[in-house]
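Values quoted throughout were computed directly from the atomic coordinates according to the rules given, and no laboratory measurement underlies them. Keep in mind it's a predicted model, so treat the numbers as computed, not measured.
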Amino acid sequence: MTDKVQELVSKCLQARDMAYCPYSRFPVGAAILTADGAIISGCNVENASYGLTVCAERTAIQRAVVEGHTQFTAIAVTCDIKDRFVGPCGACRQVLMEFGSDWTVYLTKPDGSYKKTSLNELLPLAFSPADLMKN
Ligand code: THU
C-alpha cells in the first residue's frame, strides 16, 4: 500500500467515527484524494426528516468543492461491516460520476483492508455531463 492510499484509508476510517447517524446507527466514512494530493473526508449526516440524510461520499464531495477542488483521483469508503466489502449507494455513484469516470474506489473494511475497484466498474454505461452536450 502506498503512503497516500494508507492515508486515504485512515482518513475515511476517522471520518466514519464522526458520523451523525442516530436513526440508522450505520456510520459511514469517506475520503477523497484530489488531483493535487489533498484529502477531503466526509461522514453521513442524518436528519429527523429521514429523506434529508446526506451520505458520507456526498458530504465529502460538497466539502471538496467548497474548498476549490473539482479534480479527483480516488475515494475510500468504509462502514462497520467487517466480513465483506461494501460499495457506495447508487446515488453517490452518480454524484461521483459528475466529476469524471476515472476514479479509483477503495472499498474499505473496519480493519483497514480494502478492495480496489473503479467508478467505471461500479457505474457502467453511466449518464454523465458529456451526455448533455448537444451536437
Ligand atoms: N450511507 C452512506 O453514507 N453512504 C452510502 O453509500 C450508503 C448509505 C448512509 C446513509 C444513512 O445515514 C446510512 O448509511 C444508512 O443507510
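Here the 3J(HN,Hα) profile of segment 104-110, calculated from phi with Karplus coefficients 6.51, -1.76 and 1.60 at θ = phi - 60°, is 8, 10, 9, 7, 10, 8, x Hz, Gly and Pro shown as x. Considering only alpha-carbon pairs that sit under 8 angstrom and 6 or more positions apart, the relative contact order computed for the chain is 20 percent.
Here the extension length gained between E98 and F26 equals 23.3 nm, from 0.36 nm per residue of separation less the Cα-Cα distance.
Pairs of Lys residues in the chain are counted when their Cα atoms are under 16 angstrom apart and they lie 8 or more places apart or on different chains; the count is 5.
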